[in-house]
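I have placed the structure first, in the form of C-alpha cells, so that the comments after it can refer back to it.
The values are calculated or read from the model by the stated rules, or taken from the named source; none is laboratory data. Because the structure is a prediction, the values reported are computed rather than measured. Reconstructed Cβ throughout: ideal geometry from the backbone, glycine too, with neighbour counts over all protein chains shown.
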Amino acid sequence: MPFDYYLVAALIIFVAYFIRGIAGFGSGLIAVPLLALFLPLTFVVPVVLLLDFTSSLVMGGLDFKRVQWKELIWLIPFSVIGVVLGSKLLTNLPVTPMLIILAVFIFISAIRSLLNIHGEKMISQYWSIPAALIGGTVGALFGTGGPPYVIYLNHRIQDKTKLRATFSALFFLEGLMRIVTFFMIGLLLSQTIWWSALGALPVILIGLYFGSHMHTGLSQTSLKRLIGILLMLASFSLLAKALL
C-alpha cells in the first residue's frame with residue numbers, strides 16, 4: 001500500500017476515535033466506511049474490531065461502576081446470535097452488495113445525526129431483541145453495529161454518564177464475542193491484521209485522549225451534526241465505489 005494511504009488511514013482512525021472519546025461510541029461507524037474506500041472489508045472490519053475492543057478496555061474502566069448491567073443482560077444473548085449470522089455473511093457475500101448495504105445503513109445513520117433524531121420516552125425491554133439481533137449482525141458484518149444499540153439504550157437510560165459507561169461495556173462484551181467468532185472462521189488468523197492494529201494503537205490512544213478531554217466542552221448537537229456530515233460523505237463515496 002502506498003505511503004500516502006497510511007497517512008490517510010491514520011487520519012481517519014484519529015478522527016474516529018477522537019469522536020469515540022467524546023461520545024463513547026461511533027468509531028466503527030466512521031472508520032469502517034472511510035477505510036473501505038481503499039481497503040477490503042474483510043481486512044478493515046477485523047482491524048477496527050481489534051481497535052474498538054482496545055478502546056473499550058481503555059474507556060470502560062473509567063465508569064465501570066456506572067454500567068447498567070440489567071440492560072446488558074437483555075441485549076447480550078441476542079447479540080451473540082447476530083454476531084454469528086453477520087460473521088457468516090461477511091465471509092460469503094460478494095463485495096458489491098455488501099458495499100451497497102453498508103452505504104444505505106450509513107446514510108440512515110447520517111440522517112439521524114444531522115436531524116438530531118433521538119428519543120427519551122421509556123420503551124419496553126422487549127425492544128432489546130431486535131436491537132441486539134440487528135446490532136450484532138451489522139456489527140459483525142460491517143463493524144458498525146452501534147446505532148441499533150444506541151437507539152435502544154437512549155430510550156432506556158436517561159443519565160448520560162451511565163449511558164456512556166453502558167455503551168463502553170456493551171461494545172467491550174460484543175467485541176469479545178466477535179473476536180472469538182472471527183477466530184473460529186479464520187478472519188483473525190492473518191498476521192497483517194494484528195500488526196496493522198498494533199501500528200494504529202498510538203493513533204487511537206491519542207484520539208481517545210483528546211476526545212475525552214473535550215467531552216464537557218462540545219455541544220452534543222454540534223457533534224451529532226459533524227458526525228452526520230462525515231457519515232453522509234462516506235455513504236455517497238461507498239455507493240459510488242460499489243456502482244462504478
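Structure values in brief
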item: Yes/no for residue 241 being over 28 Å from residue 81 (Cα atoms), touching a Lys or Arg at 6+ places or on another chain (Cβ under 9 Å), charged (D, E, K, R) and at pLDDT below 85; result: no
item: Subset of the stretch 70-89 (residues that are surrounded by fewer than 22 Cβ atoms within 10 Å (Cβ to Cβ) and touching a residue at least 24 places away in the same chain (Cβ under 8 Å)); result: 71, 72, 74, 76, 77, 78, 80, 81, 84, 85, 88, 89
item: Every pair of residues 6+ apart whose Cβ atoms lie under 6 Å, when the first sits in the stretch 11-30 and is at pLDDT 80 or above while the second is among the aromatic types (Phe, Trp, Tyr); result: 18/210; 27/17
item: Test: residue in the stretch 169-187 that is modelled with pLDDT of 80 or more, over 23 Å from residue 70 (Cβ atoms) and not in a helix (DSSP H, G or I); result: yes
item: Residues of the stretch 17-40 classified as under 16 Å from residue 138 (Cα atoms) and of a type in the set (Ser, Thr, Tyr), total; result: 1
item: Contacts under 8 angstrom Cβ, first residue in the stretch 111-124 being within 8 Å of residue 225 (Cα to Cα) and at pLDDT 70 or above, partner in a helix (DSSP H, G or I) and not charged (D, E, K, R), 6 or more apart; result: 113/227; 113/228; 113/231; 114/228; 114/229; 114/232; 115/228
item: Criterion: in contact with a Phe, Trp or Tyr (Cβ under 8 Å, 6 or more places away or on another chain) and closer than 18 Å to residue 44 by Cα - qualifying residue of 185, 204; result: 204
item: Selected residue (only one of 141, 231, 223, 163 is modelled with pLDDT under 85, in contact with a Ser or Thr (Cβ under 6 Å, 6 or more places away or on another chain) and hydrophobic (A, V, I, L, M, F, W, C)); result: 231
item: Filtered residues of the stretch 157-172 (kept if of a type outside the set (Gly, Ala, Ser) and over 13 Å from the mean Cα position of the chain (by Cα)); result: 157, 158, 159, 160, 161, 162, 163, 164, 166
item: Residue that is surrounded by the fewest Cβ atoms within 10 Å (Cβ to Cβ), among those in the stretch 149-160 that are assigned to a helix (DSSP H, G or I) and modelled with pLDDT under 80; result: 160
item: Single match in 240, 197, 165 (criterion: at negative phi, free of Cβ contacts under 8 Å to residues at least 24 places away in the same chain and of a type outside the set (D, E, K, R)); result: 240
item: Failed item, numbered, when residue 105 is tested on (1) in a helix (DSSP H, G or I); (2) in contact with a Ser or Thr (Cβ under 6 Å, 6 or more places away or on another chain); result: (2)
item: From the options 59, 98, residue that is at pLDDT below 85, over 16 Å from residue 169 (Cβ atoms), surrounded by 15 or more Cβ atoms within 10 Å (Cβ to Cβ) and in contact with a helix residue (DSSP H, G or I) (Cβ under 9 Å, 6 or more places away or on another chain); result: 98
item: Candidates 48, 8, filtered to the one that is crowded, with 19+ Cβ neighbours inside 10 Å and more than 20 Å from residue 130 (Cβ to Cβ); result: 48
